[in-house]
1. Is one or more of the residues making up segment 127-146 free of Cβ contacts under 8 Å to residues at least 24 places away in the same chain, out of contact with any Asp or Glu (no Cβ under 6 Å at 6 or more places or on another chain), over 20 Å from GLY97 (Cα atoms) and surrounded by 13 or more Cβ atoms within 10 Å (Cβ to Cβ)?
2. Kindly check whether there is at least one residue in segment 82-89 that is closer than 29 Å to ARG140 by Cβ, open to solvent by 20 Å² or more (accessible area, probe 1.4 Å) and aliphatic (A, V, I, L, M).
3. From the list ASP16, ASP43, pick out the single residue that is charged (D, E, K, R) and surrounded by 23 or more Cβ atoms within 10 Å (Cβ to Cβ).
4. Do you know which residues across segment 84-107 are small (Gly, Ala, Ser) and either at positive phi or in contact with a strand residue (DSSP E or B) (Cβ under 7 Å, 6 or more places away or on another chain) (or both)?
5. Quick one: GLN208 ticks every box in (1) part of a loop (DSSP other than H, G, I, E, B); (2) surrounded by fewer than 16 Cβ atoms within 10 Å (Cβ to Cβ); (3) at pLDDT 95 or above bar one, so which box is it?
6. Out of curiosity, is ALA224 over 16 Å from ALA22 (Cβ atoms), modelled with pLDDT of 95 or more and not in a helix (DSSP H, G or I)?
7. Could you give every pair whose Cβ atoms fall below 7 Å, whose first residue belongs to segment 172-201 and is farther than 17 Å from PRO21 by Cα and part of a loop (DSSP other than H, G, I, E, B), and whose second residue is among the polar types (S, T, N, Q) and open to solvent by 10 Å² or more (accessible area, probe 1.4 Å), counting only separations of at least 6 or pairs across chains?
8. In segment 108-160, which residues are in contact with a strand residue (DSSP E or B) (Cβ under 8 Å, 6 or more places away or on another chain), over 21 Å from HIS71 (Cβ atoms) and assigned to a loop (DSSP other than H, G, I, E, B)?
Amino acid sequence: MGTAALLRAAGVGVGDEVVVPAFGNTEVAEAVTRVGALLAFADVDPVTYCLDPDAVRAAISPRTAALVAVHRFGRPADVGRLYELGARHGLLVLEQGESESPYDEVAQRRERAAYLDARLRGVRTPDGGDGHTYQQYVVRVPGNGRPDRDAFARALRGRGVDCRVPVKTPLHRQPEFRRYVSLPQTELAADETLALPVDASLTKRDMQRIVSACNALGGLLQPAF
C-alpha cells in the first residue's frame, strides 16, 4: 500500500496533521494532501538528512495524527526514536524506504564511497553511519550559499563528472506546499548538498577523474571573510 492508502486506512484525514520532512519527497507531501490532512514540516538531521526526532517532537500539536519517516540517500532514519515518539503521543508512524539493491551492487557502491571518503578535499564527505547503502553519495560544498554549490556543480560537469543537486527547493518553499516555518538545517542542506556518482559501473579511472575534478575546485570555494 502507498502512503495515502495507509493514512486513509488508519483514519487520517481532514483536520489531522501529518509530520513530514521538507527536504525532498514530494510524493509524501502529495499523499498527505490527497487524504485531506495538513502538512506539518519538521527539520532534518544535518548528518542523515532524515527527520530529526527532536524537531518532530517540537512539531507535534493536538491535531497531529501521524508522522512519515523517510530514509534518504541510502541512510536510514532514526526510526527507533520516532516510533517511541509515536507511541508516546498516540501517532501513526509510517516509513518510506528506498528501492533495495542487490548485495553485490551495494558492496560496490560502498567501495567507491570509501575511495572518495579517503581522497576528496574541499568538500564535506558524508558520514557513513550504520547501514548506509549509498543510494546517493551526497557531499556538502562549503561557501557562501547556493551560488557556490551551483557554480561548483557546473564546473564539475564541465570536467566530465555527472553530478546533480538532490533537492533544489525544499517543499515548504514551493507554492503548492508553502508553510512559513523555520527549518534551518533543511534550507542549509538544500543550498549546500551535491550528489556525486558512486555507481557500480564506474571504473577506477572514473573515480580518479571525480577526485581530481573536485579537489581542483574545492579550494576555490571557501567562505569569504
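1. For segment 127-146, residues free of Cβ contacts under 8 Å to residues at least 24 places away in the same chain, out of contact with any Asp or Glu (no Cβ under 6 Å at 6 or more places or on another chain), over 20 Å from GLY97 (Cα atoms) and surrounded by 13 or more Cβ atoms within 10 Å (Cβ to Cβ): absent.
2. no
3. Only one candidate qualifies: ASP43.
4. Within segment 84-107, GLY86, GLY90 qualify.
5. (1)
6. So ALA224 does not fit the description; no.
7. Listed pairs, sorted by first residue: ALA200/GLN108.
8. Within segment 108-160, LEU120, VAL123, VAL141, PRO142 meet the criteria.
The values are calculated or read from the model by the stated rules, or taken from the named source; none is laboratory data. Everything numeric here is computed off the predicted structure, so don't read it as measured data. Note that each Cβ is placed from the backbone with ideal geometry, even for glycine, and that neighbours are counted across all protein chains shown. Protein only, heavy atoms only, side chains kept; ligands, DNA and RNA dropped before computing areas. Shrake-Rupley method; radii C 1.70, N 1.55, O 1.52, S 1.80 Å.
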